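First up is the structure itself, then whatever we jot down about it.
The values are calculated or read from the model by the stated rules, or taken from the named source; none is laboratory data. Keep in mind the model is a prediction, meaning the values are calculated, not measured. We place every Cβ from the backbone using ideal geometry, glycine too, and count neighbours over all the protein chains shown. Ligands, DNA and RNA are excluded from the accessible area calculation, which covers all protein heavy atoms including side chains. Shrake-Rupley method; radii C 1.70, N 1.55, O 1.52, S 1.80 Å.
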Amino acid sequence: MLFDRISRSASSGNRPVVSSSWISRSARRSGRTMLVACLSLLAGLAQAEDIQSPNKQFTLSVNVQEGGVPTYSLTYKGRPVLKTSRLGLDLKNTTSLTSGFTQTSAQRRSFDETWQPVWGEVKNIRNHYNELAVTLTQAQTNRVMRVRFRVFDDGLGFRYEFPQQKGLDYFTIKEERTQFALAGDHKAFWLPGDYDTQEYSTVTSNLSEIRGKMKAATTPNASQTPFSATGVQTPLMLKSKDGLYINIHEAALIDYSAMHLELDDKNFVLESHLTPDAVGDKGLLQTPANSPWRTVIVSDRAGDILESKLVLNLNEPTKFKDVSWIKPVKYVGVWWEMITGKSTWSYTNQENIKLDSIDYSKVKPNGTHGANTAHVKEYIDFASKHGFDAVLVEGWNTGWEDWFGKHKDYVFDFVTPYPDFDVQELQRYAASKNVRMIMHHETSGSIRNYERHLDTAFQFMNKYGYNAVKTGYVGDIVPLGHHHYDQWMVDHYNYVLTKAAEHKIMVNGHEAVRPTGLARTYPNLIGNEAARGTEYESFGGNNADHTTILPFTRLIGGPMDYTPGIFQTKISAYNPSNTSFVHSTLARQLALYVTMYSPLQMAADLPETYNKHLEAFQFIKDVAVDWDDTKVLEAEPGDYITYARKAKGKNNWFVGSTCDENGRTSKINLSFLDPSKKYVATIYADKKDAHYEKNPQAYEIRKVNVTNKTKLTQYCAPGGGYAISLMEAGR
Ligand code: NOJ
Ligand code: CA
């Protein structure tokens, strides 16, 4: 088998030091003994392959260094992005896949296709790359590992492939040893590395400063496992001193644990650090198997990072034959009132309840339960009146008195409503108002319990007309010891997605692993949290520059259910004992519908508040949730982002801009508009004296006629933003 593989190999590398065709000839001549001898000899020599991106701006070099150590490096426009970086994996109880390798073949191919996502930021996505697959053979063990590199016009993706073979069938990963050797002490937008949460504020600092800032950055969470003083999460956004923007993440995280990055802060080398399972193992694999893709997006223009589709392109096309049931959703919900503490998820104030022994109809209701039939009907009325697709209701089912922080195996059954929540009547009422209901499954992190009930829970949803579920994994994973981002949990989230698809259900997973472009394969994954969302505005606040960073970090992997639209920025207006305030102006809350891309968008505030600001609310009603085109007009991570997007199937465009605590003035050019058309622009903006802390609700709305020749100058207050709808003028 080995001989056969080698003799078929072909190298077309630009500068092979030892050509693999030479190996095949000699191997054919002298048989296996000779071959192994040659491989061992070659393992001591260097071998190299180069490949360029289609636009020739990137050059990737793959080398097998002395001692058979595989490495790679990457340049962009002749500038170093990644210096010589090692590849490989440490295995448990057997020889590691890090050295002793010989390159036994190198295959090249080019690929260019354009595909249409089920939902997305653009109508057409071009997937265009040059590929180099390097097969490495480890003489000592006779094992074969392939590293497949794809070089796109916007960066690099590569993964490990482990073909089925006698010497490598089942194996356990001790650690992946992929390096990203950076060219300097770059500015980094980072989160503390953690096996269980990404709900941290982003810290902006040089790489060399991470160690000193780690402790303060690691703020408390319901479940958290930080792992080192220099460990950070992906997507990691970097900017070099000479203006290169670099984003490191992963794509197609399937049956593998999520990757963090461990920094060597003397040499600025990042190395993969996988999430361990309950016994400390980092991956149980059976050949044939692949790792997820490791991704490096690079440009000298920040907006290119936001426009990149590299992560999506590295995921497999969907196998779903029918996708007609998957639809973008604009929704409201019985939610913010609980997050602020105005109402409660639980039905009683009783504590220490044993679910199997409680009869809810006999206990005293607390009078603050949000999910009661009459109140939910008010939300349905509001949704229907303003053209929303759906209403989310949390706290509808029994068990909320009995789970938080308790690590119980069995709490929720996902089918039993509280006595004041009439599922059947609400189904009837919502249908009569042309509104869908969104189910909520808080799993309490108890995985066995959720999987045990999953089929029944999804059947229940089908029966009562729910076509979308928000899942949640608050607290430590039960069984204890597992982590939110380990392989076992990654498999769980993907199992839920597959099961949901069987029931034609869309999924919005909170506290689940960060997305890696998997929505291309599973387009029913319409939302994820996996970052510090708007809820934190009620738990002390997000930094004023938070939403100028998230699109460069968390959103690189996929959309976020950020839940914008908070107009009442003083939380005490809902709950006098909550002193938090929203670190954003009201106008920025509108901009987020454009800058925080998601096919699932919530108008998160309370109807009573929207009713006081109906003119501003009009933007949320008008804004699209699915797009034919997207352009980044200006962007700088941590400072500002301005997007323009064209509504799906329409000529209307929407612009959104957010800036940091300093405020700024944008000069934007509307040249993206159709030159043959006229538009009415409605501009929702901060007033001159607006300020996210001192005067957040000061906004103004004006209408102007515009064309593609128009240039706009628009002010953005500190912690502010603006939103513009550009509607085609009546013909
Ligand atoms: C955390 C989620 O992010 C939040 O949206 C939800 O309301 C709570 N968990 C309760 O499940
Ligand atoms: Ca800033």
Loop-resident trypsin sites (Lys or Arg not before Pro) in the stretch 253-294 with no more than 15 other Cβ atoms inside 10 Å, DSSP not H/G/I/E/B, are Lys266
Using the heavy atoms of the protein chains alone and a 1.4 angstrom probe, what is the accessible area of the chain per residue in square angstrom? 36
When the accessible area of the stretch 500-606 is split by element with a 1.4 Å probe, what percent falls to carbon and sulfur? 49
Cβ-derived FRET efficiency at R0 45 Å, Asp50 paired with Glu378, nearest 0.05: 0.10
In range of the label at Asp242: residues from the stretch 45-86 whose backbone nitrogen is under 16 Å from the point 7 Å along Cα→Cβ: 57-59, 74-84
Counting only pairs 8 or more places apart or on different chains, how many lysine pairs in the stretch 540-658 have C-alpha atoms closer than 27 Å? 10
To the nearest 500 deg cm²/dmol, what mean residue ellipticity at 222 nm is calculated for the chain from DSSP H runs of n ≥ 4 alone, each contributing -39,500 (n - 2.57), summed and divided by the residues? -5500 deg cm²/dmol
Taking a quarter of the surface of the convex hull around the Cα atoms of the chain, what do you get in nm²? 31.7
In order over the stretch 177-182: 3J(HN,Hα) from phi, Karplus 6.51/-1.76/1.60, θ = phi - 60°, whole Hz, x for each Gly or Pro, gives 10, 7, 9, 10, 8, 6
Using θ = phi - 60° and the Karplus relation 6.51 cos²θ - 1.76 cosθ + 1.60, list the HN-Hα couplings for the stretch 713-723 in order, rounded to whole Hz, with x at every Gly or Pro. 10, 9, 7, 10, 6, x, x, x, x, 8, 10
Part-to-part distance (alpha-carbon centres) for the stretch 358-408 and the stretch 446-511, which is given in Å: 20
Let me spell out the model: positive unit charges on the Cβ of Lys and Arg, negative unit charges on the Cβ of Asp and Glu, origin at the Cα centre of the chain. What dipole size does that give, in debye rounded to 20? 2420
With Cβ to Cβ distances under 11 Å as the rule, what net charge do the other residues near Thr197 carry (K, R +1; D, E -1)? -4
Tell me, what HN-Hα J-couplings in whole Hz come from the Karplus equation 6.51 cos²θ - 1.76 cosθ + 1.60 at θ = phi - 60° for each residue of the stretch 272-281, using x for Gly and Pro? 4, 9, 7, 7, x, 8, 5, 10, x, 6
What is the sum of charges, Lys and Arg at +1 and Asp and Glu at -1, for the other residues whose Cβ falls under 11 Å from the Cβ of Ala302? -4
Extension gain from Asn142 to Lys687, taking 0.36 nm per residue of separation minus the Cα-Cα distance: 189.2 nm
